[in-house]
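The values are calculated or read from the model by the stated rules, or taken from the named source; none is laboratory data. These figures come from a predicted structure and were not determined experimentally. Cβ coordinates were reconstructed from backbone atoms using ideal geometry, including for glycine residues, and neighbour counts include every protein chain displayed.
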Amino acid sequence: MEFKFFTKILFFIYISSLSMFIQANVPGDSGYPLDTVVLPYLDVPVCWEDMNNDEYLRTKVKDAITGSWEKYSQLKFTGWEKCPKYVDRESFQGIRIGVKDQGAHTKGLGVRMIGKKNGMVLNFTMRKWNSACPAIHGRENCVTWIAIHEFGHALAFAHEQNRVDKPSSCKKGSQGTDGNVVFTKWDKDSIMNYCAPNYNGHGKLSPIDILTLQTYYGRIPTYNVNSGILHIEVLQVSGVNYEISMDNKEDKNLFVYSSRIALAQGESSKPAVFDESTGILTLPLVKVIDSAGHVISLYSAEMEHHPERKALTLKSANQIEPVPTDN
């Protein structure tokens, strides 16, 4: 079947019920992440303030970040060489890592730490700080696991135990800056959670960590409940990636193209895919945002193409986060 209306300026999508994109919890007032400081780009320069420290551990940190935050998103951490001489924050728009025998930390979340001298501090020796960790887990594991956690802060992710909805079983107090949106259930396994059963998640991102990461850095489709615009950054049709945008301003069940189809600039961690043989459009992950641009829920959906009607009808829809309850 030829998907002809994808080559036209306008086309119509009929969805039997738009409520799937609207039945979502109101954002919380603290926690994870802080969406006002999310990095506005996907290529993130990284440098080391001093190259006289352990080269082996520098390589292991790079590998750990590549195998975690970068692996599950569209982020690319680049450079990893010596930092340029610090003049001001504008002289290097990336993550400047200092290595010191003190508590690992970042100087703020997201864009607030970008370009700052020693904006991130890691500890390679752990003699004066956290000395018990190497004895239990080995120094290399401690260094890389902590680095993954700190890079989470650089991506604007706050500590999970800061959330107001944390269970009473989590005895760790809040630390550092709070986030400002909550659209997933509390994640005991998050690498950002001091109450996780495994220290720093043993360097593994939890499934919810990955969902949240892809929400902001995965170039996934976005539906705005206020404007009625559904924007798909990457739509795969017969091996070609397109970018499309549509809206339901005139009729909540009728989506009309609001822009020309263009070739997509890049990839997506969860691309929308149209199967010409079945006429099914699959949206594995859609973020729903409110009028202020805050994410309020995540959905997956399938739509069925009806060429005689030049339309798509909703075949299935599932709210992924927050997990629906019967309350």
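Structure data summary
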read-out: Complete set of residues in segment 37-62 that are acidic (Asp, Glu) and either free of Cβ contacts under 8 Å to residues at least 12 places away in the same chain or touching a Phe, Trp or Tyr at 6+ places or on another chain (Cβ under 7 Å) (or both); value: 54, 55
read-out: Hits in segment 152-186 (condition: over 16 Å from residue 38 (Cα atoms), touching a residue at least 60 places away in the same chain (Cβ under 8 Å), in contact with a Lys or Arg (Cβ under 9 Å, 6 or more places away or on another chain) and buried (at least 20 other Cβ atoms within 10 Å of the Cβ)); value: 160
read-out: Residue 201 outside the structural domain of residue 94 (by TED's automatic domain parsing) and over 24 Å from residue 320 (Cα atoms); value: no
read-out: Residue satisfying all of: in segment 204-217; farther than 12 Å from residue 321 by Cα and among the polar types (S, T, N, Q); nearest to the chain's Cα centre (by Cα) among these; value: 214
read-out: Among the residues listed as 81, 70, the single one being among the acidic types (Asp, Glu) and under 17 Å from residue 38 (Cα atoms); value: 70
read-out: From 122, 155, residue being hydrophobic (A, V, I, L, M, F, W, C), within 30 Å of residue 283 (Cβ to Cβ) and either in the same structural domain as residue 82 (by TED's automatic domain parsing) or at pLDDT 95 or above (or both); value: 155
read-out: Condition check for residue 83: touching a residue at least 24 places away in the same chain (Cβ under 8 Å), surrounded by 15 or more Cβ atoms within 10 Å (Cβ to Cβ), under 22 Å from residue 205 (Cβ atoms) and over 26 Å from the mean Cα position of the chain (by Cα); value: no
read-out: Per-region count, segment 132-156, residues over 23 Å from residue 58 (Cβ atoms) and either in contact with a Cys (Cβ under 8 Å, 6 or more places away or on another chain) or not in a helix (DSSP H, G or I) (or both); value: 1
read-out: Filter result (without any contact (Cβ under 8 Å) to a residue 24 or more places away in the chain and in a strand (DSSP E or B)) within segment 285-316; value: 300, 302, 316
read-out: Residue check, residue 277 surrounded by fewer than 21 Cβ atoms within 10 Å (Cβ to Cβ), at positive phi and either among the aromatic types (Phe, Trp, Tyr) or over 21 Å from the mean Cα position of the chain (by Cα) (or both); value: no
read-out: Filter pass, residue 120 being of a type in the set (A, V, I, L, M, F, W, C), surrounded by 15 or more Cβ atoms within 10 Å (Cβ to Cβ) and at positive phi; value: no
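Residue by residue, here is whether (1) in contact with a Leu (Cβ under 9 Å, 6 or more places away or on another chain); (2) assigned to a strand (DSSP E or B); (3) among the acidic types (Asp, Glu); (4) not assigned by TED's automatic domain parsing to the domain that holds residue 138 holds:
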site	(1), (2), (3), (4)
161	no, no, no, yes
164	no, no, no, yes
188	no, no, no, yes
192	no, no, no, yes
195	no, no, no, yes
205	yes, no, no, yes
213	yes, no, no, yes
226	no, no, no, yes
244	yes, yes, no, yes
